[in-house]
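Laboratory data are not the source of any read-out in this text; all were calculated from the coordinates shown. Bear in mind the structure is a predicted one, so any value in this text is a computation, not a measurement. Reconstructed Cβ throughout: ideal geometry from the backbone, glycine too, with neighbour counts over all protein chains shown.
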Amino acid sequence: MTLNPNAKLPENEEGTTVFNTDPLIIKYHYEMDYIHSYAQDSSFFTALGQKKLLGSKCKKCGYVYATPRSHCMMCGAETEWHELPLKGKVHTFTTCYFSGEEFLNETPFNLVMVEFDGVNSLFMSRLIGAETEDMYIGMPVKAKFRRNLKMSITDVYFVPDVKEEGKK
Amino acid sequence: MEKRKVYMVSGGVTKFTKSSPDMDFRLRVKKAFDYAMNDANIGINDIDGSVISYFSDHFQRQLMAGAMVQDYLGLVPKPSKRIEGGGATGGLGFQSGYEEIASGRLNSVAVCGFETMSHVNTWKGNEFIALASDTNFDYPLGGFYTGYYAMMAVRHMHEFGTTVEQLAQVSVKNHGNAMHNPYSQSPMKITVEDVRNSPMVSYPLTRLDVCTMSDGAAVAVLASEDKAFEMTDHPVLIKGIGTGTDAMRLSDRPFGSVPLLPNEKESDYKNLKYPGVHSFRAGRMAAKEAYEMAGITDPINELDVVELHDAYTSSEVQTYEDLGLCKYGEGGSFVEEGKANLHGKVAVNPSGGLLAAGHPVGATGIMQAVFMFWQLQHTIKKHFHDDYLQIPNAKRGLIHSHAGTGTYVAATIMEAVK
């Protein structure tokens, strides 16, 4: 028999943050790490290290996406990787002064949707090196890549393509 | 099997607030549920089952919260399920309740929606909401839905000449309407200048162009024809439902042609590449299906009132066009000319909408159904203690619930029976 009527939880000095008592409101911490696989999109992310942007081209209907899609949204057939040009134009833009908590310290930042010649859909990215008043629809931009990858979509970003701008 | 007619027989809503920690989600739903029960003088024995809708497991930090609501309401061991579809959660839940009755499975159903967004601060909430964008390709760029909508607004302005002042007029209208809705979170008498002068959130959208976080719950009771007329003399018919979808990533939206409504022709949109990122194809498809089912061919003249998903002023303007209240490109002038005003061509968001009544996500689409039900029952005065917002002769209305950047959209047509 191991019955012990004197059993007792150990006491410690770790307390709980209390914001209010009526109603009782406490701080509850919650955090986790994921073992996240990019799965069939993996090549897109590794190609960023070779300064390449990989979109997808439908083997059957020829539709070209500026994003990885292993299968075509138009016809359901399999696609193949399709290298995108590194120069494009701003299709639309914004500057964010607020954001989700994770990115608050990066505000203000610009988001753009980029259009490429010969590609049927768009690519969303950050644009640096320009203020809100500098951006416009049709603005020439070019892709740049981080040297030290984070293995995230943010490994590619866009900057104003001043050479193209000068040609106009 | 023949589809059965479905009616709404009662509804209830809690007052939407930024934060009301005095009630948890179960009690909040119970309050809305009891209001609905009392209003139709019915009880839990009249309810065959439920559909429970809430958006985010992250906000709730409680999986199977729907089961806890079912339990708290005293509806166990009857059938129930949870519906989730981002911002359209409430609208999809309402349609799921419709399907339970139309299919003949249940004779009455309580559709219950809630969200408790005050469990985290606004920045964290923005992050949770942005998890409803592609987490590999979109979320890491900024984790911010207002940014995506702002880009759509910029493109709408480019494509059609829409102005920021026109967008601001949506905010002025909806906050103003909410002054007479006692359930609303942000009633405000404001001007276009106030909207433009409030802090920039994501160019060109300011704080007053964007809805805020809310705590709230809403309940709609649906029933078959026999059961509905047993419960009340004034049920409201659900005349048609429609649901549309689009690519999760804005980037993947095609540049094709407009799916036309009966009041439009191909030549209206000769040079328009659609939907691109200026319009919501899912909203158009939802409206098209709902109109076909309800036999509506001229929406602006056949609808008396619309409660639509104005999470942003820009999305209200875009949605006028998707719903065919005006042609694509005319949304800005539609609001500018007062056509969406309380006594305009068709009253849009007389409740104040998401911008001013509030947007506790899982409750929102059901809140729209409840306000629409009261409009069509002509009982706004009874429930608001003020008949300012009652649309005279309101006979037919549309509710519109929208997720993502137009990723799921649910449109439902409701009609007064007499």
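Stokes-Einstein at 37 °C, 0.692 mPa s, Kirkwood radius from Cα pairs: D for the protein assembly as shown in µm² s⁻¹?
Details: Rh = 24.9 Å.
Rounded, D is 132 µm²/s.
Need one value for B:198-205: mean number of C-beta atoms belonging to other chains within 10 Å of its residues' C-beta atoms. Kindly include the intermediate steps, with their values, before the conclusion.
Details: counts 0, 2, 6, 6, 10, 11, 3, 3.
Other-chain Cβ atoms within 10 Å of each residue's Cβ, averaged: 5.
Limiting things to C-alpha atoms, what are the Rg and the maximum Cα-Cα separation (Dmax) for the range B:265-418, in angstroms?
Answer for the range B:265-418, Rg first and Dmax second: 14.8, 49 Å.
Here is the link list: B:Lys18/B:Lys189; B:Lys239/B:Lys395; B:Lys227/B:Lys381. Which ones come out longer than 23 Å on Cα distance? Before the final figure, lay out each step's value.
Numbers: B:Lys18/B:Lys189 19 Å; B:Lys239/B:Lys395 12 Å; B:Lys227/B:Lys381 26 Å.
Violating the 23 Å Cα-Cα cut-off are B:Lys227/B:Lys381.
Please give the contour-minus-distance gain from B:Asp194 to B:Glu292: 0.36 nm per residue of separation, less the Cα-Cα distance, rounded to one decimal in nm. Mind dumping the intermediate values first?
Working: separation 98, 0.36 × 98 = 35.28 nm, distance 4.06 nm.
Difference between extended and current length: 31.2 nm.
If the reach is capped at under 20 angstrom between alpha carbons, list the aspartates and glutamates near A:Lys167, excluding any in the same chain fewer than eight residues apart.
The reachable aspartates and glutamates, counting only those whose Cα sits under 20 Å from A:Lys167, are A:Glu115, A:Asp117, A:Asp134.
Name the residue, out of A:Gly100, A:Gly88, A:Gly76, whose mean-square fluctuation peaks in a Gaussian network model built on chain A with Cα pairs under 10 Å.
A:Gly100
Between B:Tyr72 and B:Val417, what's the calculated FRET efficiency when r is the beta-carbon distance and R0 is 35 Å? Round to 0.05. Don't skip to the end; give the middle numbers.
Values: r = 32 Å, r/R0 = 0.92.
Between B:Tyr72 and B:Val417 the formula returns 0.65.
What Kirkwood hydrodynamic radius do you get for the range B:68-211 when you take the inverse of the mean 1/r over all pairs of distinct Cα atoms, in Å? Working shown, then result.
Working: mean 1/r = 0.0543 Å⁻¹.
That comes to 18.4 Å for the range B:68-211.
Once you have the Kirkwood Rh of the range B:165-309 from its Cα pairs, apply Stokes-Einstein at 10 °C and 1.306 mPa s and quote D in µm²/s.
Numbers: Rh = 18.9 Å.
In µm²/s, the coefficient rounds to 84.
How big, on average over all directions, is the shadow cast by the Cα convex hull of the range B:51-113, in nm²? Numbers along the way, then the final one.
Values: hull surface 16.3 nm².
Taking the Cα atoms of the range B:51-113, their convex hull projects to 4.1 nm² on average.
Quick one: what do you get for chain B if you divide its Cα Rg by 2.2 N^0.38 Å?
Values: Rg = 19.6 Å, N = 418, 2.2 N^0.38 = 21.8 Å.
Here the answer is 0.90, to two decimals.
Which percent of Cα-Cα pairs in the range B:22-131 sits in each 10 Å bin, short to long?
14, 45, 31, 9, 1
Sort A:Lys8, A:Lys87, B:Lys288 so the one with the fewest other Cβ atoms within 10 Å of its own Cβ comes first. Each step should come with its number before you reach the end.
On the way: A:Lys8 6, A:Lys87 16, B:Lys288 20.
In order of increasing Cβ crowding within 10 Å: A:Lys8, A:Lys87, B:Lys288.
Measure nothing but the geometry: give the 0 to 90° angle between the long axis through the Cα atoms of B:25-40 and the longest principal axis through the Cα atoms of chain B, rounded to 10°.
Taking the Cα atoms of chain B, the angle to B:25-40 is about 70 degrees.
Report Rg (one decimal) and Dmax (nearest whole number) for the range B:144-249, counting Cα atoms only, units Å.
19.1, 54
What spacing in nm lies between the two simple spin-label points modelled at A:Cys61 and A:Val162, each 7 Å away from Cα in the Cβ direction?
Modelled inter-label distance: 4.3 nm.
Could you tell me how many degrees, from 0 to 90 and to the nearest 10, lie between the Cα long axis of helix B:145-160 and the main elongation axis, the longest principal axis, of the Cα atoms of chain B?
50 degrees
Could you tell me the calculated FRET efficiency between B:Ile44 and B:Asp386, based on Cβ-Cβ distance and R0 = 35 angstrom, to the nearest 0.05? Kindly include the intermediate steps, with their values, before the conclusion.
Working: r = 31 Å, r/R0 = 0.88.
Efficiency, rounded to the nearest 0.05: 0.70.
Normalising by the residue count of the range A:14-168, find the relative contact order in percent from Cα pairs under 8 Å and 6+ residues apart. Intermediate values should be presented prior to the final figure.
On the way: 283 pairs, mean separation 27.7, N = 155.
With pairs under 8 Å counted, the relative contact order is 18 percent.
With a/c under 1.5 counting as rounded, go ahead and sort chain A into rounded, prolate or oblate using the C-alpha gyration tensor (a ≥ b ≥ c being the square roots of the eigenvalues; past the cut-off, prolate if a/b is larger than b/c, else oblate). Don't skip to the end; give the middle numbers.
Values: a/c = 3.21, a/b = 1.89, b/c = 1.70.
The shape class here is prolate.
Relative to the longest principal axis of chain B, what angle (0 to 90°, nearest 10) does the C-alpha long axis of helix B:281-294 take?
So the helix axis and the longest Cα principal axis differ by about 50 degrees.
Over all directions, the average projected area of the alpha-carbon convex hull for the range A:94-141 comes to how many nm²?
Working: hull surface 15.4 nm².
Mean projected area of the Cα convex hull: 3.8 nm².
Plugging the Kirkwood radius over Cα pairs into Stokes-Einstein for the range A:57-131, at a temperature of 37 °C and a viscosity of 0.692 mPa s, what D comes out in µm²/s?
Values: Rh = 14.0 Å.
So the translational diffusion coefficient is about 234 µm²/s.
Alpha carbon centre of the range A:89-168 versus the range B:72-136: separation in Å?
Each part reduced to its Cα centre gives a spacing of 35 Å.
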